[in-house]
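Okay, structure first, notes after.
The values are calculated or read from the model by the stated rules, or taken from the named source; none is laboratory data. Treat the numbers as computed from the prediction; the structure is a model and nothing was measured. Cβ sites come from the backbone with ideal geometry, for glycine too, and all protein chains shown count toward neighbours.
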Amino acid sequence: MPLKMHNTLTGLEDEIIPGGVKKNNIKDYPPVTIYSCGPTVYSYAHIGNLRTFIFNDLLNRYLKFRGFKVQHAMNITDVDDKTIKGAREEGVTLKEYTEKYTDIFFEDLKTLNIEPADFTPKATESIDAMIDILEKLKEKGIAYDKDGSLYFSISKFPDYGKLSNLDRREIMSGLRYDTDEYEKEDVRDFALWKAAKEDEPSWDTPFGKGRPGWHIECSAMVRKIFGKTIDIHTGAVDLIFPHHENEIAQSEAAYGEQFVRYWIHPEHLIVDGAKMSKSLGNSYTLMDLREKGFSPRSIRYLLLATHYKKQLNFTFDGVKQADNTLERVDNFLLRLNDIADGKENNTGIESIINTFLDKFTETADNDLNISGSLGVFFDFVHEINSLINEDKISKNDAEKVMKAIEKIDSVFGFIFFKDNKENEIDSERIEKLIEERNEARKAKNFQKSDEIRDLLLAEGIILEDSKDGTRWKIRK
Ligand code: AMP
Ligand code: ZN
């Protein structure tokens, strides 16, 4: 059975065909090229954002499990209205401000056992690629200049609206439009490049000093890294309009070829029926949950276990249930490990394992049906547990079962997940950072001292100040 995923562009579950040309053997395909909209590094990521990044991880891991090669890029949005505002409020440079949140973000990904992307371009390092698109759009008369800013004229791109399937009349009448600030000729148009303002960072370009609009950043980074049509583009559903619609318009108008074959949009994590978001004040960061005593492993499980096309309703009870489920998994692994030598081999074990792996694949091939795949896994656990109860499994059989579970965990990433932070801790570095922090405090540079405390906290290290000095401990 082929792997099919729901494609927002066609509204169908489409077979994933990397490069667009069908081959008989998965090994013959070129790498699946994937671009995921990454974080805007103006604050800590909340667990809603992290659900989306866990989905990207699941997709990448499953493609590899199926034998595809993968090239994954995820950008860092390090210049936009929010990052500029944040840096201004803290009185630091944009670079200083965004680097702090970028480091913490990557630390969060590591904590959740999310495999690193192959490319992590930053918007501020991709200005040349933006200029290339903008020049092409100007040459073609699709981009126009107004008061030093460049805008995309959507009336010149007849395909506008094909992704979001918004009623064309709504778009054309300006009922639905990008609410980005700045003056434009037509309310429907969107900003490509924003004229420099005095207190904002800016770059010199052939069309004047300014800074990028958000949408052009992603179009440029996709082009810079892959240079051609890519297979998959991801981002949560809120990005379909206007962000992804605008990415398509810019890229296809500039380069005259299809931008992306498969658009995959996971649903939101919600709290009491509302999208988790910083602006609604209903968000939790990974750090918040760890401070409440929840383990990264349980959080990974929770964020992974609901089908990506369904909203995930976040509750603390949900994390506790994840804890219990993982305890059952651990007990099962212990039992499997404890099987003594000298028992007879089970002649049916190979067939049980193969059926399990086939069912797992068949289920996940259907639009990454994770809840179904977990069901298949827990049925297998149940079946093997019964064999253990009946003494019908040898040590050799148990090793084969363990191998199959390792294979599955290359997709799940929570079974053999170790929250064992002790092994990774570099105490010399921590002591050095504490010293730096003490000096910053003495110099009344509380911003710096807070930054050091936050950085360590993001890594799971808690600092405790007392009259005898500062001690550190590992957060459990
Ligand atoms: P941002 O840092 O705001 O640019 O968002 C990073 C990613 O998180 C994007 O793909 C967003 O669509 C996604 N996202 C934002 N809010 C949520 C949410 N509540 N649940 C799931 N994904 C979200
Ligand atoms: Zn994007």
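Test Glu252 against the criterion of being assigned by TED's automatic domain parsing to the domain that holds Glu135, at pLDDT 95 or above, within 13 Å of ligand 1 (Cβ to nearest atom) and outside any strand (DSSP E or B), and give yes or no. Explain how you work it out, then say what you get.
Working: assigned by TED's automatic domain parsing to the domain that holds Glu135: yes; at pLDDT 95 or above: yes; within 13 Å of ligand 1 (Cβ to nearest atom): no; outside any strand (DSSP E or B): yes.
So Glu252 does not fit the description; no.
Given the criteria more than 21 Å from Glu139 (Cβ to Cβ) and in a loop (DSSP other than H, G, I, E, B), does Glu267 qualify? Steps first, please.
Details: more than 21 Å from Glu139 (Cβ to Cβ): yes; in a loop (DSSP other than H, G, I, E, B): yes.
Taking the combined requirement at face value, the residue satisfies it.
Which of the residues that make up the range 7-41 are within 16 Å of ligand 1 (Cβ to nearest atom) and over 16 Å from the mean Cα position of the chain (by Cα)? Walk me through how you get there before you give the answer.
The first filter runs over the range 7-41 and keeps only residues within 16 Å of ligand 1 (Cβ to nearest atom), leaving 8, 34-41.
Residue satisfying the conditions is Thr8 alone.
Taking the range 203-215 as the search range and keeping residues that are away from ligand 1 (no atom under 15 Å from the Cβ) and not polar (S, T, N, Q), which one is surrounded by the most Cβ atoms within 10 Å (Cβ to Cβ)?
If we filter the range 203-215 for residues that are away from ligand 1 (no atom under 15 Å from the Cβ), which is where we start, we get 203-211.
Those still in the list that are not polar (S, T, N, Q) too: 203-204, 206-211.
Numbers: Trp203: 17, Asp204: 11, Pro206: 8, Phe207: 18, Gly208: 15, Lys209: 12, Gly210: 22, Arg211: 24.
Checking each candidate, the answer is Arg211.
Here are some conditions: (1) under 24 Å from Lys162 (Cα atoms); (2) touching a residue at least 60 places away in the same chain (Cβ under 8 Å); (3) not in a strand (DSSP E or B). Ile232 meets all but one. Which one does it not meet?
Single failed check for Ile232: (3).
Can you tell me how many residues within the range 211-249 are at pLDDT below 95 and within 10 Å of ligand 2 (Cβ to nearest atom)?
Total meeting the criteria: 1.
Mind listing whichever residues of the range 47-82 are within 10 Å of ligand 1 (Cβ to nearest atom) and of a type in the set (S, T, N, Q)?
Of the residues in the range 47-82, the ones within 10 Å of ligand 1 (Cβ to nearest atom) are 47-56, 74-77, 80, 82.
Those that are within 10 Å of ligand 1 (Cβ to nearest atom) and of a type in the set (S, T, N, Q): Asn49, Thr52, Asn56, Asn75, Thr77.
Given the criteria assigned to a helix (DSSP H, G or I) and either of a type in the set (Ser, Thr, Tyr) or within 30 Å of Gly19 (Cβ to Cβ) (or both), does Glu247 qualify?
On the way: assigned to a helix (DSSP H, G or I): yes; either of a type in the set (Ser, Thr, Tyr) or within 30 Å of Gly19 (Cβ to Cβ) (or both): yes.
In short, yes.
For the range 289-341, enumerate the residues that are farther than 17 Å from Leu374 by Cβ, touching a residue at least 60 places away in the same chain (Cβ under 8 Å) and out of contact with any strand residue (DSSP E or B) (no Cβ under 6 Å at 6 or more places or on another chain).
Leu289, Arg290, Glu291, Gly293, Ser295, Pro296, Leu336, Asn337
Counting just the residues of the range 216-244 that are charged (D, E, K, R) and more than 14 Å from ligand 1 (Cβ to nearest atom), which one comes out surrounded by the fewest Cβ atoms within 10 Å (Cβ to Cβ)? If you could, list the steps in order and put the result at the bottom.
Going through the range 216-244, the residues charged (D, E, K, R) turn out to be 217, 223-224, 228, 231, 238.
Those still in the list that are more than 14 Å from ligand 1 (Cβ to nearest atom) too: 223-224, 228, 231.
Working: Arg223: 21, Lys224: 19, Lys228: 12, Asp231: 24.
Restricting to residues being charged (D, E, K, R) and more than 14 Å from ligand 1 (Cβ to nearest atom), the top hit is Lys228.
Looking only at residues in the range 121-148 that are in a loop (DSSP other than H, G, I, E, B) and in contact with a helix residue (DSSP H, G or I) (Cβ under 8 Å, 6 or more places away or on another chain), which one is nearest to Trp214 (Cα to Cα)? Don't jump to the end; show me each part of the working.
Of the residues in the range 121-148, the ones in a loop (DSSP other than H, G, I, E, B) are 121, 126, 140-142, 147-148.
When the remaining residues are screened for being in contact with a helix residue (DSSP H, G or I) (Cβ under 8 Å, 6 or more places away or on another chain), the result is 121, 126, 140-142.
Working: Pro121: 14, Ser126: 12, Lys140: 21, Gly141: 21, Ile142: 18 Å.
Here the answer is Ser126.
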